[in-house]
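Engineer: Here it is, the structure, as structure tokens.
The values are calculated or read from the model by the stated rules, or taken from the named source; none is laboratory data. On a predicted model such as this, the values are computed, not experimentally measured, just so you know. Cβ coordinates were reconstructed from backbone atoms using ideal geometry, including for glycine residues, and neighbour counts include every protein chain displayed. Please note that ligands, DNA and RNA were not included when accessible areas were found on the heavy atoms of the full protein model with its side chains. Shrake-Rupley method; radii C 1.70, N 1.55, O 1.52, S 1.80 Å.
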Amino acid sequence: MKCLIIQPIHEIGHAMLRDAGIEPVMCPSPDMETVIKMIPGCDAVITRDAGFSAEAAVASDKLKVIIVHGAGHDAVNKEAASEKGILVCNTPGQNSRSVSELAVGLILSCLRHIPEANRAERAGEKGIRERETYTELTGKTALIVGWGTIGRGLGHMLKAAFDMTILVYSPRAPQVDGFERATSLEEGLAKADVISLHTPMRPETANMICKASLAKTKPGAVLINTARAGLVNESDLAEAILSGQISAAALDVYSHDAPTGPLAETGHVIFTPHLGGTTTEAMKRMAIGSVGHLLKALSGERPETAVNEPKL
């Protein structure tokens, strides 16, 4: 049996596959044209944010399961997989701590202008210490949008480390660990010094951060997005930064051209290349979880993280 690995996973996952008699096949490039060429003969796939297209599903001949090495499965065409009788599973929760910790780092980087200060020092530029405004995090208010494992972890970190007031906007969450609920997104935005997005992409969350909602934010707030690019209207965010409504933003997810477009030109946006779950510890947990689900699926069982209903 063969497993196509579209994007790199920790070596511990390769070892688990080999121990189970499954040959790991590394895809030389994560683009779907290459995947389509490599997929014939493969019984399983492990993918990350590259996803898996409808065309790749059609090109498969033996494929039984697609494993997403992470929580987000938007990039996998689940309808096409279902039509071909292919099970799709994700691996939620294994990188949550790492994403929460990155969000803390991005918040501090925004409030203390760490990337700008580094660039100025390297360039021999004087005056940045006097030119920018620097803000403490302690005692401020954070709005956590989405109270899953990552959002919950961040809320507890910010409360424990900085004694922040934690507001939660997450209509689907049955409980919020005793923190205060925002009855609407707008109510939370109006109170928050820090806004951190951790909600999945759904029709109702697409472009939730847009001109109308940004107009409701507390002036000078910072925005962090480690969830999904489509939650934020990037052109509206650029305008809000230029007007001072948003003082800074840090994005671990964004559109392809964002780092060279209007957002970058504002000078107050930090871009990171989807680093949230890439710590060594998280990568080990993700590989173990992904291969575990894969082996269970190939044995004929349905993993608890399955996200579709194969038709065949």
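Engineer: Excluding residues on the same chain fewer than 8 positions from Lys37, give the lysines whose Cα lies under 29 Å from its Cα.
Structural biologist: Output for Lys37: Lys2, Lys62, Lys64, Lys78, Lys84, Lys284, Lys296, Lys311.
Engineer: Sticking with this structure for a sec: Among 116-122, 83-89, 9-15, how do they line up by average Cβ neighbours within 10 Å per residue, starting with the highest?
Structural biologist: So the peptides 116-122, 83-89, 9-15, ranked by packing, come out 83-89, 9-15, 116-122.
Engineer: Roll a 1.4 angstrom probe over the protein heavy atoms and tell me the percent of accessible area of the chain that is carbon or sulfur.
Structural biologist: 53 percent
Engineer: Also, quick follow-up: For segment 202-312, with only Lys/Arg (+1) and Asp/Glu (-1) charged at the beta-carbon, what is the dipole magnitude about the Cα centre, in debye rounded to 20?
Structural biologist: Using Cβ point charges on Lys, Arg, Asp and Glu, segment 202-312 gives about 340 debye.
Engineer: Between segment 64-78 and segment 1-34, what is the separation of their alpha carbon centroids in Å?
Structural biologist: 15 Å
Engineer: Here's another thing I want to ask about it. Top mean-square fluctuation among Gly139, Gly188, Gly151, Gaussian network model of the chain, C-alpha springs under 10 Å?
Structural biologist: Gly139
Engineer: Next question. Full extension from Arg112 to Glu281: what is 0.36 nm times the residue separation minus their Cα-Cα distance, to one decimal in nm?
Structural biologist: Length gained between Arg112 and Glu281: 58.1 nm.
Engineer: Then there's this: R0 = 41 Å: FRET efficiency of Glu23 with Glu125, Cβ-based, nearest 0.05?
Structural biologist: Given R0 = 41 Å and the Cβ-Cβ separation, E is 0.15.
Engineer: Let me ask another. Hey, can you find the accessible area per residue of segment 1-128 for me, probe 1.4 Å, expressed in square angstrom?
Structural biologist: Per residue, segment 1-128 has 44 Å² of solvent-accessible surface.
Engineer: With +1 assigned to the C-beta of every Lys and Arg and -1 to the C-beta of every Asp and Glu, and no other charges, what is the dipole magnitude of segment 75-206 about the Cα centre in debye, to the nearest 20?
Structural biologist: Computed about the Cα centre, the dipole is about 260 debye.
Engineer: For segment 174-279, with equal point scatterers placed on the C-alpha atoms only and solvent neglected, what are the log10 I(q)/I(0) values from the Debye formula at q = 0.11 1/Å, to two decimals?
Structural biologist: Taken in order of the listed q values, log10 I(q)/I(0) reads -0.32.
Engineer: Which of the peptides 127-134, 248-255, 143-150 is most tightly packed, and how do the rest follow, judged by the mean count of other Cβ atoms within 10 Å per residue?
Structural biologist: Descending packing order for the listed peptides: 143-150, 248-255, 127-134.
Engineer: Moving on. Identify the residues of segment 71-106 with backbone N under 20 Å of a label point that sits 7 angstrom from the Cα of Leu312 along the Cα-to-Cβ direction, or state none.
Structural biologist: Label zone hits: 76-89.
Engineer: Rounded to whole Hz and in sequence order, give me ³J(HN,Hα) for segment 303-309 from the Karplus expression 6.51 cos²θ - 1.76 cosθ + 1.60, θ = phi - 60°, writing x for Gly and Pro.
Structural biologist: These are the phi-based 3J(HN,Hα) values: x, 5, 9, 4, 10, 9, 10 Hz.
Engineer: Which listed residue (Thr226, Cys3, Ala258) has the Cα farthest towards the positive end of the charge dipole for the chain, taking +1 on Lys and Arg C-beta and -1 on Asp and Glu C-beta about the Cα centre?
Structural biologist: Projecting each Cα onto the dipole axis, the largest value belongs to Cys3.
Engineer: Right, next: Let's test the formula: R0 of 35 Å, r as the Cβ-Cβ distance of Glu186 and Glu136. What FRET efficiency results, to the nearest 0.05?
Structural biologist: Once rounded, the FRET efficiency stands at 0.85.
Engineer: Ok, one more. Can you tell me which of 22-35, 53-66, 222-235 comes out highest on packing, and rank the rest after it, using the mean Cβ neighbours within 10 Å?
Structural biologist: Ranked from most to least packed, the peptides come out as 222-235, 53-66, 22-35.
Engineer: In segment 119-143, which residues have a backbone nitrogen under 18 Å from the label point lying 7 Å from Ala264's Cα in the Cα-to-Cβ direction?
Structural biologist: 119-120
Engineer: From the square roots a ≥ b ≥ c of the eigenvalues of the alpha-carbon gyration tensor of segment 1-101, which class results: rounded (a/c under 1.5), prolate (a/b over b/c), or oblate?
Structural biologist: oblate
Engineer: Please work out the Cα center distance from segment 92-135 to segment 204-243, rounded to the nearest Å.
Structural biologist: One Cα centre to the other: 19 Å.
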